[in-house]
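The values are calculated or read from the model by the stated rules, or taken from the named source; none is laboratory data. Everything numeric here is computed off the predicted structure, so don't read it as measured data. Here the Cβ is made from the backbone with ideal geometry for all residues, glycine too, and neighbour counts use every protein chain on show. For accessibility, only protein heavy atoms count, side chains too; no ligands or nucleic acids. Shrake-Rupley method; radii C 1.70, N 1.55, O 1.52, S 1.80 Å.
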Amino acid sequence: MSEPVLAPWIASQARQLLSQRGHAWLLAGPTGLGQYSLAMALVRAWLCEQASEAGACGVCGSCHAVDVRTHADLCVLMPETTMLELNWPLSERAQNEIDDKKRKASKEIRVEAMRDAVEFSQRTSARGRGKAVLVFPAERMNTITANALLKTLEEPPGDVKFVLASGAAHQLLPTIRSRCLGHTMVWPDAQSATAWVEAQGLSGDDATVLLRAAGGRPDDALAFAQSGRSAKAWRQLPAAMARGDTGWVKDWSAAQIVDALQKLCHDILATQMGAMPRFFEAADLPTGGSLAVLTGWSKTLTRASRTVEHPFNPGLLQETLVSQAQSALNSKFHVSLSV
């Protein structure tokens, strides 16, 4: 299991950060810009036995141990759901609890895992290259978990380095942010992003459409494709929502539906104000919808985005969201949208 080749803008950021000193980095920016890839590039270089200015060698025993998720000097702190998605092993206790259906995989970074990380940071390095702790996405720490990290982050043992990667750094405790060196993720230019997404297996037209759907963020464009949603489905989504076609999004998660509808609402409002759409082609957007109702729909979607991870009935939630979209897109006069 080798790590994928780094995108050129990620590799250049890694070289920049590796040339600087510091025991804790906070990689911040919107999701989809490669925070996880950059964080992994840093920890691989920190632990590599033959690291150079360009980063990890990729062939030494340390690099191999990272690749197969068994490095004794690397501690990865993620929500259990994220660890499973990225093929990181859970602790034996956590895996047994989930396998025995005593609980579901956590969507937050659990305080028990953080306490294990604090204990890990106090051990002697097993391979003699120091230790590394990777926290991703860092905003998934609740207050208790973040406070468990705070003291170690402020006064770390001499041979441990931290990298926190976040798509919502403003949600972190100010005391966490103040103890890290901050790095704002670089947005790739459109040509570089398109070339890289195409290199991952998407055709030119699909790469262009999905990058637009992702707001220019390459990782999100790939995640869109890997989730089974196609460029064709994205282009036809506005018309499907205008006719109230729930089946169009039957395989989408609540978070995916709300995100898509927020982008659709944004673009229609933008065109009505004389601006260019960002996420869709202008030709694919419906022409209906009063400004007042669309503005109300936008507020409704914002509220919905805060609760998309609640255990609602998926079918009923889909029907509600699509019904609201249909009403807003076909509105002529102001109507009230339920929450």
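Please report, in whole Å, how far the alpha carbons of the range 178-299 spread along each principal axis, starting with the longest.
For the range 178-299, the Cα extents along the three principal axes come out at 44, 38, 28 Å.
Hey, can you find the accessible area per residue of the range 3-82 for me, probe 1.4 Å, expressed in square angstrom?
Per-residue accessible area for the range 3-82 comes out at 38 Å².
What spacing in nm lies between the two simple spin-label points modelled at Glu198 and Asp67, each 7 Å away from Cα in the Cβ direction?
Reported label-point gap for Glu198 and Asp67 is 2.8 nm.
If you take every DSSP beta bridge fully contained in the chain, what fraction is antiparallel? Give it as a percent rounded to 5.
Once the DSSP bridges in the chain are tallied, antiparallel ones form about 5 percent.
In whole Å and largest first, what semi-axes does the C-alpha gyration tensor of the range 202-246 yield when each eigenvalue is scaled by 5 and square-rooted?
20, 10, 9
Computed FRET efficiency, Cβ-Cβ of Lys332 and Ala190, R0 45 Å: what is it to the nearest 0.05?
0.75
Using only Cα atoms, what is the ratio of the radius of gyration of the range 44-106 to 2.2 N^0.38 Å?
Here the answer is 1.38, to two decimals.
For the chain, what % of the accessible area comes from carbon and sulfur atoms, probe 1.4 Å?
Percent of accessible area from carbon and sulfur atoms in the chain: 52.
Which residues in the range 146-177 have a backbone N closer than 20 Å to a point placed 7 Å from the Cα of Gln16 along the Cα-to-Cβ line?
What the label zone holds, given the 20 Å backbone N cut-off, is 162-170.
Val308 versus Glu112, label points 7 Å from Cα toward the beta carbon: distance in nm?
2.9 nm
Provide, for q = 0.09, 0.16 Å⁻¹, the log10 of I(q)/I(0) from a solvent-free Debye sum over equal Cα point scatterers in the range 46-182.
For the range 46-182 at q = 0.09, 0.16 Å⁻¹, log10 I(q)/I(0) is -0.28, -0.89.
If the chain were replaced by its equivalent ellipsoid, with semi-axes equal to the square roots of 5 times the Cα gyration tensor eigenvalues, what would those be, largest first, whole Å?
Each semi-axis is √(5λ); the values are 40, 23, 18 Å.
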